[in-house]
Structures are given as structure tokens and as C-alpha cells.
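Input: a single structure, listed below in C-alpha cells.
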Amino acid sequence: SSRAFFVTKRYPFMRESIIKADEISSKLIARNPKQLYALTYKAICEFVLRRDVPAAHKLITKCRNNSDSTWWFSRAFLHAYQGKMEEATSDYRHAFDGPIRDVTVPLQTGEFIQIVLAEEPDRVQLHFCLGLINFYAKFDYTAAQRDFSEFLAKVKDDQFPDQVVLARQLIEDCKAKAGAKLQ
């Protein structure tokens, strides 16, 4: 597909696996339309293989549940990818406040965002998202400060004004938390 996304371009050996995951998740959803893992994998495939953000968003929203906030991380990413930063910031707040079954979700999310940024460096808003994840989910204030600083260095004057203000505030919070650790 000419619309194949970064993973298939950067890691062509993974293309076959992603296509297989797409086929399997489609079959699982046909048998059980509420199967959360299948819906999640299918959403990832929609994004990675076809860059179909609306389809991925629809699938992720079907994953909504109160016992696992993983779906909030995915939905926040999709909003951010589209530049809908108010929605993304709100979704990340829900993600950070809720329970997650797999404690590696913030790490996985951050790694995924870094892959996207490597292929699409103009998506500067994703640096802000990395900062949020590092600050609120991983408590890595050094990484968060770096991510927020990268966001501020790359954001254009009129882009994402609310996130610019928040990034500046969170950089100061990072400095304070780093200073508190030294004492």
C-alpha cells in the first residue's frame, strides 16, 4: 500500500507481522466485537498500515472501560497526532488518573511516539505528549524537561498556545522536583 506508515517503511521486516495481526484482529472482532485486545490491535493496524486515524479512533473508543485506562493513552495519541491538543491533554489526564493493567503501557506509548516523531518530525506536539507521559506516568522529570524543551524549541509562534504555557510551567516543576531529589 502506498499509504503504508512508518513501521512498514522503517522496519520492512515487520510489515508481514503487522498485516497478519490486522487479519487476526479482524477475525477476532468478527467473532467477538467487544474483544478489547483485538480492537486495540486493529486500531494500531489501522493507524500503522493505512494511517486511518478516524477508523483507529472509532476502534479505540470501543475499548472504553473503567478497569483499564490503556485506551485513554491510545485515544490521547490519536487526538495529538491530529493536532487536537485540548482533547489529547484531557485524555492523558484520564489515562494518568486511571488504573492500568500493564505497567509498561506508558513506556510502550512513549516508544511508539518516538517512532512516529522519527518519521514525522513536524508533529512537534508529540514532544509535549512525551513530556506529559514522562512527568505524570513515569516520573522521569529529566526526560520530561527535555521533551517539553524540545516542544518549545520546535513549536511555531501561534501553535498550541495552551500547551506552550503548560510546558513552561511543567519545566519549572521538573526543575523543582529534580532539586528536591538532590536534597
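The values are calculated or read from the model by the stated rules, or taken from the named source; none is laboratory data. In this text, all values refer to a predicted model and were calculated from it rather than measured experimentally. All Cβ positions, even for glycine, are placed from backbone atoms using ideal geometry, and neighbour counts span all protein chains on display. When the accessible area is computed, the model is the full protein with side chains, heavy atoms only, and any ligands, DNA or RNA have been set aside. Shrake-Rupley method; radii C 1.70, N 1.55, O 1.52, S 1.80 Å.
Give the stretch 155-172 a look and list any residue that's surrounded by 16 or more Cβ atoms within 10 Å (Cβ to Cβ) and at negative phi, or say none. Don't jump to the end; show me each part of the working.
Our first condition is that a residue be surrounded by 16 or more Cβ atoms within 10 Å (Cβ to Cβ); within the stretch 155-172, this holds for 155, 160, 163-164, 166-167, 170-171.
Correct list: 155, 163, 164, 166, 167, 170, 171.
May I ask you to verify whether residue 89 is under 21 Å from residue 124 (Cα atoms), in a helix (DSSP H, G or I), open to solvent by less than 50 Å² (accessible area, probe 1.4 Å) and among the hydroxyl-bearing types (Ser, Thr, Tyr)?
Working: under 21 Å from residue 124 (Cα atoms): yes; in a helix (DSSP H, G or I): yes; open to solvent by less than 50 Å² (accessible area, probe 1.4 Å): yes; among the hydroxyl-bearing types (Ser, Thr, Tyr): yes.
Spelling it out, residue 89 is indeed under 21 Å from residue 124 (Cα atoms), in a helix (DSSP H, G or I), open to solvent by less than 50 Å² (accessible area, probe 1.4 Å) and among the hydroxyl-bearing types (Ser, Thr, Tyr).
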Discussion item. Could you list, ordered by first residue, the pairs with Cβ atoms under 9 Å in which the first is in the stretch 151-179 and in contact (Cβ under 8 Å) with a residue 12 or more places away in the chain and under 17 Å from residue 93 (Cα atoms) and the second is of a type outside the set (Ser, Thr, Tyr) and open to solvent by 90 Å² or more (accessible area, probe 1.4 Å), at least 6 apart or interchain?
Written reply: 162/86; 163/86
Worksheet item: Does at least one position in the stretch 118-126 carry a residue that is at pLDDT 95 or above and assigned to a helix (DSSP H, G or I)?
Response: yes
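Take residue 107 and decide whether it is closer than 20 Å to residue 74 by Cα, under 11 Å from the mean Cα position of the chain (by Cα) and crowded, with 21+ Cβ neighbours inside 10 Å. Let's see the steps before the verdict.
Numbers: closer than 20 Å to residue 74 by Cα: yes; under 11 Å from the mean Cα position of the chain (by Cα): yes; crowded, with 21+ Cβ neighbours inside 10 Å: no.
So residue 107 fails the test.
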Practice prompt. For residue 91, work out the one condition from (1) over 18 Å from residue 60 (Cα atoms); (2) touching a Lys or Arg at 6+ places or on another chain (Cβ under 9 Å) it doesn't fulfil.
Written response: (1)
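Please verify whether residue 77 is aromatic (Phe, Trp, Tyr) and open to solvent by 10 Å² or more (accessible area, probe 1.4 Å), treating the condition exactly as stated. Reasoning before the result, please.
On the way: aromatic (Phe, Trp, Tyr): yes; open to solvent by 10 Å² or more (accessible area, probe 1.4 Å): yes.
Against the criterion (aromatic (Phe, Trp, Tyr) and open to solvent by 10 Å² or more (accessible area, probe 1.4 Å)), residue 77 qualifies.
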Worksheet item: Of the residues that make up the stretch 64-86, is at least one of a type in the set (Asp, Glu) and under 14 Å from residue 132 (Cβ atoms)?
Response: yes
